[in-house]
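In what follows, a structure is listed as structure tokens, so that the remarks can point back to it.
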Amino acid sequence: MRIDRLLANSGYGSRSEVRALIRAGRVALAGSIIRDPGTDIPDSERALLQIDGQPALIRRYYYLMIDKPSGVITALDDPTHRTIAEFIPPAYQHAGLSPVGRLDRDTTGLLILTNEGVLNHRLTSPKHGVEKVYDVVFTGPPLDPVKDPTDFAAGIKLADGFCCQPAKLQIIASHHAQLTITEGKFHQVKRMFAAGEREVTALRRLSVGPLQLDPSLGSGGVRELSEAEITALYETVSLERPH
Ligand code: URA
């Protein structure tokens, strides 16, 4: 990978900032100063990079969780709406992070961001059946403690005829439940409840596979995943973690 991209992805600044760093002669490979920002650094030589004479901390992959607030869209750039980009701390802004799946503008809760595309794909692909738990508040007919969990377990049929995979409905109150699904179709939870003439008024994602939303984050809070959390995500989709 080009040295400027490698350093920007590792949190050393924007592309232009790291180019300035390189042109200033502060970056060396195996003791030799690199001055061309386009210099290719083979994977095998990354460990030999130094900045200001110190070993450079080169990282390829990042994993963050955000407690997405309402009113923010799951995109990094939009001409009219607030986006999740405003919650990404500057150190990660040039790392090429993408959201893992999408939450609607009015949905809150757990959103994972990573620049590791294979993990991202597996966590969202219905083939891997990763469970996502949503807290759902709605209006309309109250939940029936026997019929509704049975209907969700059998697979809800949406208005367009699509039959959902079996889902687990845990009733908390007449108009409040936790729903576990393994798919991520557009507006899926809202449409599953709409199939029972119910309208979702508050939707919050609590977990994705083994990863729980950190309740200490608060709305708009963000943090890196711990090593244990990253390992658990890879294990849940039977993937070896890349170095
Ligand atoms: N299902 C929905 O309806 N909306 C979301 O944001 C996520 C799941």
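The values are calculated or read from the model by the stated rules, or taken from the named source; none is laboratory data. The shown structure was predicted, so the numbers you read here are calculated from the model rather than taken from an experiment. Positions of Cβ are generated from backbone atoms using ideal geometry, with glycine treated the same way; all protein chains shown enter the neighbour counts. Side chains included, ligands, DNA and RNA excluded: accessible areas come from the protein's heavy atoms. Shrake-Rupley method; radii C 1.70, N 1.55, O 1.52, S 1.80 Å.
Name the residues in region 119-129 that are more than 13 Å from the ligand (Cβ to nearest atom) and surrounded by 15 or more Cβ atoms within 10 Å (Cβ to Cβ), would you?
Once the filter is applied, which keeps residues that are more than 13 Å from the ligand (Cβ to nearest atom) and surrounded by 15 or more Cβ atoms within 10 Å (Cβ to Cβ), region 119-129 yields L119, N120, R122, L123, H128.
Can you run down the residue pairs with Cβ atoms below 6 Å, 6 or more apart or on separate chains, where the first is in region 17-37 and without any contact (Cβ under 8 Å) to a residue 12 or more places away in the chain and the partner is small (G, A, S)?
Short answer, once both residue conditions are applied: I33/G25.
Tell me yes or no: at least one residue of region 143-155 is farther than 28 Å from Y61 by Cβ, charged (D, E, K, R) and open to solvent by less than 30 Å² (accessible area, probe 1.4 Å).
yes
Which condition number in (1) within 16 Å of the ligand (Cβ to nearest atom); (2) over 21 Å from E235 (Cβ atoms); (3) among the hydrophobic types (A, V, I, L, M, F, W, C) is the one that L111 fails?
Only one criterion is unmet by L111, namely (2).
Report, by residue number, each residue of region 210-226 that is open to solvent by less than 40 Å² (accessible area, probe 1.4 Å) and over 12 Å from the mean Cα position of the chain (by Cα).
Result: D214, L217, G218, G220, G221.
Sort through G140, G109 and tell me the only one that's in contact with a His (Cβ under 9 Å, 6 or more places away or on another chain), surrounded by 14 or more Cβ atoms within 10 Å (Cβ to Cβ) and modelled with pLDDT of 95 or more.
Sole residue among the options that is in contact with a His (Cβ under 9 Å, 6 or more places away or on another chain), surrounded by 14 or more Cβ atoms within 10 Å (Cβ to Cβ) and modelled with pLDDT of 95 or more: G140.
Right, I171: farther than 26 Å from I84 by Cβ and either in contact (Cβ under 8 Å) with a residue 12 or more places away in the chain or open to solvent by less than 30 Å² (accessible area, probe 1.4 Å) (or both) or not?
yes
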